[in-house]
């Protein structure tokens, strides 16, 4: 296929500058981008970012917005004033979700805006797309510079143009063809002997509007323009018309006098392929905005429902994401559970009177309290289509995170025989992961009715509960319990990193 290919450029060695004042964000972004062998430079402030742009000339910049000193918008505007940096693509990556912030990012000179939290695959796809587009522009600009430079040295044309991925014709001022490269011949099906010395109109479709040729002529003879670009139909050797993106540039000699034209033909299907990538990225962005807005709203309601804090919700997300990633779950599972685990207790908003009840529960009250799992699943179903992957997982976590591997849990679920708790492998793995994450953090956290326990005390209680005699393997199953024991120090690390203030 003729034209720009999103896989035709070597981008894996590209140099990327990451600017973020939070050290953990720099580490996460570096780890993700190094998977694709990018060369990474990092800094935690806008002043140093500008310095690195001047000294290192990065190929792309990932820029946070909220930073001390120069914020991201100011840093971007400053970089865009540097002659050597005006074409470097800058992608804002931020937790700010207001439309005004996104618009300001583009007005400041950004080419894209990625919201936190993000999917690593999406980040890599957007980075690769913008590097590819930039390299495509650079390649075309460099090719055109070379064409002009050797306009009077026709013996060198073949060395330049034969290897081009674009179809190229060189004509004199009367449009007589003097050079044609192999890419053009292969795509349009003509022979070199047939085309040489012919007028270039021999390949133009009769379906083209006369207005196109009038515009071409007026632009080419205008010394302040001297080029034309637009979509046009080209007739192949088999008389089939093909829509192409044609760029005609005026060739001049050393004295600046016009001596001919270079015609660069790009298959419009390739141009549309890039547009399709951009469209799919934008569609995914809109979906994630909707997803994040719903999750953020539900999380806020969940935090308000009892004594749990935002830090508790964050830690449950982080434990769950850590477990899933360490267990080798696929990227989509890991990223999703890292977002929706926070909704495990959303059903408590429906039992506020019980949550605030000061005394011991009666049997009826305890049963109603247990029903918060069912209420949570219903709430999530009302907010979104549960067939969507993220909300399907959120619902199963809310419904089943109090199920016990040995079958001694709640709620009771209708089976083919009766109503009973799920047990063993009937319980979704996402719910079991959140169950151990939630129970660990609940024991570590201080509440009005209990003190905070140490990591060692929590591990001991989870291993065997003195009150009930239940063992960790009974609650979570052999595999998950063994995983917890082997990695329990990471649970302690996550708790300390996100400790309540």
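The values are calculated or read from the model by the stated rules, or taken from the named source; none is laboratory data. Predicted model, so just to flag it, every value in this text is computed and none were measured. Every residue, glycine among them, receives a Cβ derived from its backbone with ideal geometry; neighbour counts consider all protein chains shown.
A few remarks follow.
- For residue 372, the requirement of being touching a helix residue (DSSP H, G or I) at 6+ places or on another chain (Cβ under 7 Å), farther than 13 Å from residue 430 by Cβ and surrounded by 22 or more Cβ atoms within 10 Å (Cβ to Cβ) is met.
- Residues in region 332-356 that are without any contact (Cβ under 8 Å) to a residue 24 or more places away in the chain, in contact with a helix residue (DSSP H, G or I) (Cβ under 7 Å, 6 or more places away or on another chain) and more than 18 Å from residue 314 (Cα to Cα): 354 alone.
- Verdict on residue 452 being without any contact (Cβ under 8 Å) to a residue 12 or more places away in the chain, in the same structural domain as residue 396 (by TED's automatic domain parsing), in a loop (DSSP other than H, G, I, E, B) and surrounded by fewer than 19 Cβ atoms within 10 Å (Cβ to Cβ): yes
- Residues that are assigned to a helix (DSSP H, G or I) and surrounded by 14 or more Cβ atoms within 10 Å (Cβ to Cβ), drawn from region 481-501: 481, 483, 484, 487, 488, 490, 491, 492, 493, 494, 495
- The lone criterion from (1) outside any helix (DSSP H, G or I); (2) touching a helix residue (DSSP H, G or I) at 6+ places or on another chain (Cβ under 9 Å); (3) more than 27 Å from residue 350 (Cα to Cα) left unmet by residue 403 is number (3).
- Of the residues making up region 464-480, those that are part of a helix (DSSP H, G or I) and in contact (Cβ under 8 Å) with a residue 12 or more places away in the chain are 472, 473, 474, 475, 476, 480.
- Hey, residue 33 without any contact (Cβ under 8 Å) to a residue 60 or more places away in the chain, under 20 Å from residue 129 (Cα atoms) and assigned by TED's automatic domain parsing to the domain that holds residue 139 or not: no
- Note on region 190-225: among residues that are under 44 Å from the mean Cα position of the chain (by Cα) and within 14 Å of residue 180 (Cα to Cα), the one that is surrounded by the fewest Cβ atoms within 10 Å (Cβ to Cβ) is 190.
- Any hit, region 386-394, residues being over 30 Å from residue 353 (Cβ atoms), part of a loop (DSSP other than H, G, I, E, B), assigned by TED's automatic domain parsing to the domain that holds residue 483 and over 30 Å from the mean Cα position of the chain (by Cα): no
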